[in-house]
Amino acid sequence: MSALMPTYAPSDLAFEKGKGVYLYTDDGRRYLDFCAGIAVSALGHAHPHMVQALKDQADKVWHVSNLYRSPSQERLAERYVAASFADRVFFCNSGAEAIEAAIKIARKYQSDNGHTERYRVLGCENAFHGRTLATIAAAGQAKLLAGFEPAIDGFDQVAHGNLNEMRAAITAQTAAILVEPVQGEGGLRPAPEGYLQGLRDIADEFGVLLMFDEVQCGMGRSGKLFAHEWDGVKPDVVSTAKGIGGGFPLGACLTTEAAGVLGVGNHGTTYGGNPLAMAVGNAVFDVLMEDGFLDHVTAMGAALDQALQGLVAKHPSVFIETRGLGLMRGIKLVESIVNRDFKAELEAEGLLVAPAGDNIIRLLPPLIIEPCHVVEAITIFDTVAARHV
Ligand SMILES: *Cc1c(COP(=O)(O)O)cnc(C)c1O
């Protein structure tokens with residue numbers, strides 16, 4: 001029996017090394033990685049620029065705490081500010097922590113403006129915001145909360161994509177709206193056209209903050225640095241993580257000047273933005289912002305979408321539909337085929353994917369994939385699907 005707390009049910013695969021879009025077991029088997037550590041390994045495995053940045057920093061200094069100035073933090077924050085809606089950045093270590101910061105900002109913002117009664121955060125059903133007590137309450141899903149009740153007070157949910165429901169749910173106690181522009185774990189649901197702008201209008205009308213959870217859909221995965229940019233909408237707060245460190249634990253909460261309400265003593269985290277994380281974070285940013293990189297993501301996303309649509313058309317008794325944005329794609333299986341079983345079959349053929357809610361198989365490849373990798377993945381899908389006809 002393992003000494004680990006059994007919080008996961010991992011497959012038997014254990015990887016020894018990775019290179020680019022492939023992972024290798026110690027007995028030399030090769031796997032095409034369309035999971036990317038759940039949208040984390042944005043630049044694939046062992047990207048030379050990231051590896052060099054980490055090695056160089058490892059020889060200098062690993063950690064000093066935020067009691068001292070951090071030039072690499074200041075630099076990365078400035079770069080994110082220059083490339084986004086934001087004026088202020090707070091670095092932390094994970095997605096849940098980035099969302100916690102956003103929730104605290106929502107309460108503090110209203111409190112600073114004399115509205116201590118406004119503390120509730122309004123989100124969407126089927127959302128996922130992390131596994132801390134506040135973030136499971138923010139998502140509101142019964143399966144996340146089971147055994148951990150009472151849920152932390154101050155969170156409400158309405159149907160994703162429904163502006164009327166969102167508007168009707170705003171009360172005198174609402175502090176902020178918190179939405180994933182593309183829902184990930186909950187079933188790979190992109191925002192319907194006009195939804196994000198509609199949320200902006202509602203937020204403005206009622207004086208509440210508009211906060212996006214871009215932990216999964218941000219960091220170039222959509223083909224823009226942040227997915228909300230596709231809609232030309234300016235949020236007040238964005239939380240991100242996953243791809244931002246390319247595999248090094250890192251998260252960030254970005255805000256406008258007006259929403260940048262966390263001051264000395266209000267918030268903090270010991271490891272947040274430490275020199276190792278910042279070395280890698282800056283290296284990831286270098287590559288994301290290279291000329292043409294995000295356009296490549298968009299092109300690969302379109303190629304993957306087209307290929308997946310072909311699969312749906314070819315195997316109607318296996319697949320129902322495909323949906324997504326950029327290189328965040330899902331394919332929905334018919335009810336009689338369980339996504340976790342299908343995922344295991346793909347794995348046996350050398351393809352790694354991630355399951356999601358709504359019987360979806362999620363494809364979250366490294367952003368550096370080429371057309372040949374799309375072909376390779378789709379061929380494996382086709383082989384496995386043919387068995388189910
Ligand atoms: C993964 C995820 C989180 C939580 O991130 P952790 O790093 O696991 O805490 C929050 N929101 C979304 C949308 C995610 O995909």
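The values are calculated or read from the model by the stated rules, or taken from the named source; none is laboratory data. Everything numeric here is computed off the predicted structure, so don't read it as measured data. In this analysis, Cβ positions are derived from the backbone assuming ideal geometry, glycine residues included, and neighbour counts consider all displayed protein chains. Side chains included, ligands, DNA and RNA excluded: accessible areas come from the protein's heavy atoms. Shrake-Rupley method; radii C 1.70, N 1.55, O 1.52, S 1.80 Å.
Before moving on, here are some points about what is shown:
- Sorting 217, 35 by accessible area puts them as 35, 217; the probe is 1.4 Å, largest comes first, and only protein heavy atoms count.
- Rounded Å value of the spacing that divides the Cα centres of the range 1-74 and the range 161-228: 30
- When you filter the GluC sites (Glu not before Pro) in the range 133-205 for DSSP loop state and at most 12 other Cβ atoms inside 10 Å of their Cβ, you are left with 193.
- Amide N proximity, the range 100-118 versus residue 66 label position 7 Å along Cα-to-Cβ, cut-off under 12 Å: 101-102
- Taking amide H positions as modeled 1.01 Å from N, with prolines and chain starts lacking one, no residue 5 or more places away or on another chain lies under 5 Å from residue 15.
- Placing unit charges on the Cβ atoms only, positive for Lys and Arg and negative for Asp and Glu, gives the chain a dipole magnitude near 400 debye about its Cα centre.
- Length released on extending from residue 58 to residue 299, taking residue separation times 0.36 nm less the Cα-Cα span: 83.2 nm
- Within straight-line cross-link reach of residue 234, lysines at Cα separation under 23 Å, skipping those fewer than 8 residues along the same chain: 104, 108, 224, 242
- For residue 314, the lysines whose Cα falls under 23 Å of its own Cα, not counting residues fewer than eight places away in the same chain, are 332, 343.
- For the chain, calculated [θ]222 nm from helices alone, where every DSSP H run of n ≥ 4 adds -39500 (n - 2.57): -11000 deg cm²/dmol
- Highest average packing first - 252-262, 273-283, Cβ atoms within 10 Å: 273-283, 252-262
- Measuring only protein heavy atoms, the 1.4 Å probe finds residue 314 accessible over about 120 Å².
- Based on protein heavy atoms only, the chain ends up with 44 Å² per residue of surface accessible to a 1.4 Å probe.
- When DSSP beta bridges are restricted to pairs lying wholly in the chain, around 65% turn out antiparallel.
- Normalised by the number of residues in the chain, the mean separation of alpha-carbon contacts (under 8 Å, six or more apart) gives a relative contact order of 22 percent.
- For residue 246, the residues whose modelled amide H falls within less than 5 Å of its own, excluding neighbours fewer than 5 places apart on the same chain, are 42.
- In the chain, the portion of solvent-accessible area held by carbon and sulfur atoms comes to 54 percent [1.4 Å probe, whole percent, DNA, RNA and ligands not counted].
- q = 0.11, 0.19 Å⁻¹: log10 I(q)/I(0) that the Debye formula gives for the range 1-121, counting C-alpha atoms only: -0.68, -1.24
- In range of the label at residue 349: residues from the range 7-25 whose backbone nitrogen is under 20 Å from the point 7 Å along Cα→Cβ: 11-13, 21-25
- Model label sites at residue 173 and residue 133, defined 7 Å from Cα along the beta-carbon direction, differ in position by 1.8 nm.
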